[in-house]
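*Asks:* I'd like to ask you about the structure that follows.
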Amino acid sequence: MSSSSTVVSRGYGSLLRIPGVGAFSAAALLGRMPISMLGIGTVLLVEDRRGSYALAGVVSAAYALGLAALGPLGSRLVDRLGQRRVLPAALAVSAAGIVALVLLTGSDAPAWSLVAVASVTSTAPSQLGSCVRSRWSARLDALGRASEVQRAYAWEAVVDEVVFVLGPLLVVTGALVDPAVGLGLALLLCVVGTTWLVAQRATEPPVLPVVGHRGRSALRARGIPVLVLSLVFVGVLFGTVEVSMVAFAEERGSTSGAGLLLALVAGGSALAGLAYGAFHWVSPLPRRYLLSLLGLAVGLVPLLLAPTVPLMAPAALLAGIAISPTLIAAFAFVDELVPAPARTEGFSWLNSGLGMGVAGGFAVSGAVADGAGARTAFLVALGAAVAAGLVALLGRRALAQEPTGSIHAR
């Protein structure tokens with residue numbers, strides 16, 4: 001890293017000493033843990049009960065599509081009504097969906113019913129990443145420290161990777177007893193984390209009046225459609241890697257190895273996120289985003305070459321290195337381009353892009369893994385990474401324009 005592109009920052013200590021932030025960050029960590037558990041947990045449950053990776057991929061895709069569709073809707077309501085009025089209802093829907101999924105999968109219920117209930121299991125977890133970033137933004141604005149918000153988002157990206165390290169390990173460990181146990185753990189964490197976050201009234205962002213384009217969706221902010229479309233392909237990559245790692249490990253007789261490999265992908269991302277957030281970057285945000293997407297593509301190549309689970313381990317670690325920098329840059333765009341009264345929705349649109357892509361990745365890679373094996377399915381992930389980079393490259397002018405979100409937000 002050249003001195004022309006970065007200067008050393010103060011790290012995370014000064015951020016985490018702000019009263020209240022540790023508690024809301026921890027609560028959101030627990031509450032969004034199911035995001036990393038429900039996808040792989042659904043794959044394991046449906047494959048165990050119904051004996052089909054293809055069906056497991058379709059049902060998991062329904063979960064991810066629900067994540068994509070319900071996220072912006074819920075976050076739009078959060079922006080207008082407040083977190084404490086929306087999150088409890090979202091939690092009730094998620095809990096009912098998870099319980100119904102376990103019961104129906106173990107019965108003779110038709111496949112469409114599994115798809116239906118899986119689509120609502122993410123209702124509460126889909127909100128928490130956006131809600132916690134909104135809390136960071138509001139808290140730092142109130143303290144006159146808005147310039148530190150990207151470092152806060154870097155911290156939350158690291159927290160996300162902790163979620164994706166621990167979640168797969170928990171759900172796969174539970175599945176050694178029974179796949180339903182893993183989903184039960186996801187439900188418990190969702191209830192505890194969401195309830196804890198809602199109880200923290202002091203750091204909840206105020207509901208801000210919309211000035212100017214009243215009711216205008218955050219999706220109409222300049223550059224956001226480019227980001228969302230790019231992240232759709234990043235989501236395809238995520239979903240494909242998740243299903244393909246499970247299939248790769250099981251093809252080699254090591255179901256428990258799937259959780260370890262997915263944890264290594266997330267671990268690589270977490271380490272990169274910590275390093276990324278330790279610097280204040282002065283190079284243009286669009287350039288950093290494009291370089292991160294290039295890193296995603298390059299990091300996937302070793303997955304195509306590893307023949308065994310032990311040799312896949314370092315490849316999995318390498319594959320995760322560019323994930324956090326990509327997501328940190330994407331969320332930083334939202335803070336610059338989207339007005340404050342719609343910022344929770346803006347964050348959620350990015351998550352929805354990821355969710356839509358994850359759904360496609362689950363469905364396509366499940367079918368490919370069934371028909372041609374896990375190694376071929378990894379090619380889908382590589383193609384998605386290339387497509388994400390092309391979208392960002394073609395849309396770079398929209399991303400490079402002068403940000404206006406902060407002007408409308410104040």
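Where a number appears in this text, it was derived from the coordinates with a stated rule and is not lab data. As the structure is a prediction and not an experimental result, all values here were calculated from the model. Don't worry about glycine lacking a Cβ; one is built from the backbone with ideal geometry, like all the others, and counts go over all protein chains shown.
*Asks:* Among I18, I323, I224, which one shows the highest mean-square fluctuation when the chain is modelled as a Gaussian network with alpha-carbon springs under 10 Å?
*Replies:* With Cα springs under 10 Å in the chain, the top fluctuation among I18, I323, I224 is at I18.
*Asks:* Please give the FRET efficiency for L81 paired with L271, using the beta carbon to beta carbon distance and R0 = 30 Å, rounded to the nearest 0.05.
*Replies:* With R0 = 30 Å, the Cβ-Cβ based efficiency is 0.20.
*Asks:* Separate question: Kindly express, to the nearest 10 degrees and within the range 0 to 90, the angle between helix 53-81's C-alpha long axis and the longest C-alpha principal axis of the chain.
*Replies:* So the inclination is approximately 20 degrees.
*Asks:* What is the sum of charges around A374, taking Lys and Arg as +1, Asp and Glu as -1, for the other residues whose C-beta is under 11 Å from the C-beta of A374? The partial results should precede the final answer.
*Replies:* Details: positive: R252, R375; negative: E250, E251, D370.
Surrounding charge for A374 is -1.
*Asks:* Another question about this same structure. By how many degrees, 0 to 90 and rounded to 10, does the Cα axis of helix 125-142 deviate from the longest principal axis of the chain?
*Replies:* Helix 125-142 sits roughly 20 degrees off the main axis of the chain.
*Asks:* For every helix of n ≥ 4 consecutive DSSP H residues, a contribution of -39,500 (n - 2.57) applies; sum these over the chain, divide by its total residues, and give [θ] at 222 nm rounded to the nearest 500 deg cm²/dmol. Numbers along the way, then the final one.
*Replies:* Numbers: 17 runs with 316 residues, N = 410.
Theoretical 222 nm ellipticity from helices: -26000 deg cm²/dmol.
*Asks:* Over the stretch 277-332, calculate the relative contact order: mean separation of alpha carbon pairs under 8 Å at least 6 apart, over the residue count, as a percent.
*Replies:* 43 percent
*Asks:* Here's a follow-up. Rank W112, T123, W155 by how far each Cα sits towards the positive end of the charge dipole of the stretch 97-172 (+1 on Lys, Arg Cβ; -1 on Asp, Glu Cβ) and give me just the farthest.
*Replies:* W155
*Asks:* Around D160, under 14 Å between beta carbons, what's the net of Lys plus Arg minus Asp minus Glu among the other residues?
*Replies:* Working: positive: R32, R133; negative: E156, E161.
Neighbour charge sum, excluding D160 itself: 0.
*Asks:* Hey, what D do you get for the stretch 237-292 in µm²/s if you plug the Kirkwood alpha-carbon radius into Stokes-Einstein at 4 °C and 1.567 mPa s?
*Replies:* Working: Rh = 13.3 Å.
For these conditions, the coefficient is 97 µm²/s.
*Asks:* What is the sum of charges around V243, taking Lys and Arg as +1, Asp and Glu as -1, for the other residues whose C-beta is under 14 Å from the C-beta of V243?
*Replies:* Residues close to V243 contribute a combined charge of -4.
*Asks:* Taking volume of the Cα convex hull per residue in Å³ straight from the coordinates, which label in (i) 142; (ii) 121; (iii) 201 is the correct one?
*Replies:* (ii)
*Asks:* Let me ask you something else. Mind sorting R375, R151, R85 by how few other Cβ atoms lie within 10 Å of their own Cβ, fewest first?
*Replies:* R85, R375, R151
*Asks:* Using the 10 angstrom Cβ neighbour count as an exposure proxy, how do V93, V120 rank, fewest first?
*Replies:* Going from least to most buried by this count: V93, V120.
*Asks:* Per the Kirkwood definition applied to all pairs of different Cα atoms, how many angstroms is the hydrodynamic radius of the stretch 66-167?
*Replies:* With all distinct Cα pairs of the stretch 66-167 included, I get 15.3 Å.
*Asks:* Taking the highest mean first, how do the peptides 275-283, 352-360, 134-142 order by number of other beta carbon atoms within 10 angstrom per residue?
*Replies:* Put in order of decreasing packing, that is 352-360, 134-142, 275-283.
*Asks:* Specify the residue with the greatest mean-square fluctuation among A313, A387, A23, computed from a Gaussian network of the chain linking alpha-carbon atoms under 10 Å apart.
*Replies:* A23
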